[in-house]
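Written below as structure tokens is the structure these notes are about.
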């Protein structure tokens, strides 16, 4: 497999062992004292020490990051960043580590609190762009695609709501996609993050907004997921399949500027209230949401099924996802994840106000969400 450099939507260094070039990446961005940001789980593996050893001089590591990163995780990281006089961030991990790293580099020298930059209208213009520090992102899972995203998702502990913080300069200046860093992922994380990549591609494709470039990216991302997700689940050391999943993850994140939808609208409050894994939750609710949206997406999915070589059109795709869930031990229903019958009443308004809702192909309201979430809890199609 060739090593490649791409510039879509940012500078991407792709290939086996590309993480060894981290010092070169720092030099190109004039980062002299980076802060490595990661999560506690990854800190227990050799990966962080390994990447630190590739730097000219070992640097500090911040890892106080939850699986669903919080505003406090970012604020505490900013303190470490400022006290250490760091001038850039190397964000390593899955979505939590990368989002936290991006948030720290963004917020470190701003004068307003984090929540003032929520992805609402032009709130991002409140930030002083010149003060945002450079970011290098190194994904170690193939799911979120945060390495090519202009936003981070953080839990507001006071409101128990996930908020999207957006700024164009939160896009990492360099993303290093090194599949060798993903070969030791546990099967459960491989499955959950793979479902996240699938959800990003499938919701971007489903979104009603006009963005042919993003839609084309989503379709090819779906092909890469279909052809590789089962292989990486059953044979995690297949580095070529791991590489294809890393690229599919990146493509899904690049594509979802077209929009997300009710899969993420439901997953975000479930993550916040029940502390579930983001990608796994996406996988759990996915077929229920697709079936709920059927009247709006069936023709598009018939066309997609032909491209993916899945028989029986829309129903074939939904059945493929249901079978994939079983094969990779993704919970069948939200009830299996600890969400009780009746909880749809409190979850529905949170889902309705989630920013992802605007991209759903079927226009939603609280009553529809209550019915849909009830289906996800009880396993009704």
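When you check residue 17 against the structure, is it exposed (fewer than 14 other Cβ atoms within 10 Å of the Cβ) and free of Cβ contacts under 8 Å to residues at least 24 places away in the same chain, yes or no? No: the conditions fail for residue 17.
Pairs meeting the criteria (first residue in region 154-165 and touching a residue at least 12 places away in the same chain (Cβ under 8 Å), second residue assigned to a loop (DSSP other than H, G, I, E, B) and surrounded by fewer than 23 Cβ atoms within 10 Å (Cβ to Cβ), beta carbons under 6 Å, at least 6 apart or on different chains) are 155/68; 164/119. Looking across region 73-110, just one residue is part of a loop (DSSP other than H, G, I, E, B) and within 21 Å of the chain's Cα centre (by Cα), and that is 94. Being out of contact with any helix residue (DSSP H, G or I) (no Cβ under 8 Å at 6 or more places or on another chain) and at pLDDT 95 or above is a description that applies to residue 295.
Show the residue pairs that are 6+ apart or on different chains and have beta-carbon atoms under 9 Å apart, the first residue being within region 185-210 and at positive phi and in the same structural domain as residue 226 (by TED's automatic domain parsing), the second being assigned to a helix (DSSP H, G or I) and surrounded by fewer than 24 Cβ atoms within 10 Å (Cβ to Cβ). So the pair list comes out empty.
The condition (being within 19 Å of residue 193 (Cβ to Cβ), in contact (Cβ under 8 Å) with a residue 60 or more places away in the chain and assigned to a helix (DSSP H, G or I)) is satisfied by just one residue among 282, 291: 282. The residue list 68, 7 contains one member that is within 21 Å of residue 149 (Cβ to Cβ) and surrounded by fewer than 15 Cβ atoms within 10 Å (Cβ to Cβ), which is 7. Restricting attention to region 20-35, the residues that are touching a residue at least 24 places away in the same chain (Cβ under 8 Å) and closer than 17 Å to residue 178 by Cα add up to 6. Criterion first (more than 21 Å from residue 275 (Cα to Cα) and buried (at least 20 other Cβ atoms within 10 Å of the Cβ)) does residue 80 satisfy it? In short, no. Within region 133-153, being under 14 Å from residue 96 (Cα atoms), in contact (Cβ under 8 Å) with a residue 60 or more places away in the chain, part of a strand (DSSP E or B) and touching a strand residue (DSSP E or B) at 6+ places or on another chain (Cβ under 6 Å) holds for 138, 152, 153. In the set 322, 330, only one residue is over 30 Å from residue 2 (Cα atoms) and part of a helix (DSSP H, G or I); that residue is 322.
When the criteria are applied in full, residue 127 fails the requirement of being surrounded by 17 or more Cβ atoms within 10 Å (Cβ to Cβ) and in contact (Cβ under 8 Å) with a residue 60 or more places away in the chain.
Does residue 244 satisfy the condition of being without any contact (Cβ under 8 Å) to a residue 24 or more places away in the chain, within 16 Å of residue 139 (Cβ to Cβ) and touching a helix residue (DSSP H, G or I) at 6+ places or on another chain (Cβ under 7 Å)?
Values: without any contact (Cβ under 8 Å) to a residue 24 or more places away in the chain: yes; within 16 Å of residue 139 (Cβ to Cβ): yes; touching a helix residue (DSSP H, G or I) at 6+ places or on another chain (Cβ under 7 Å): yes.
Criteria met by residue 244.
Residue 83 meets each of the listed conditions (1) in contact with a strand residue (DSSP E or B) (Cβ under 9 Å, 6 or more places away or on another chain); (2) without any contact (Cβ under 8 Å) to a residue 12 or more places away in the chain apart from (1). Taken together, the residues in region 309-319 that are over 25 Å from residue 188 (Cβ atoms), in contact with a helix residue (DSSP H, G or I) (Cβ under 7 Å, 6 or more places away or on another chain) and part of a helix (DSSP H, G or I) amount to 3.
The values are calculated or read from the model by the stated rules, or taken from the named source; none is laboratory data. It should be emphasised that the depicted structure is a prediction, and the values quoted were computed from it without experimental measurement. For neighbour counting, all protein chains shown are included, and Cβ atoms are generated from backbone atoms with ideal geometry for every residue, glycine included.
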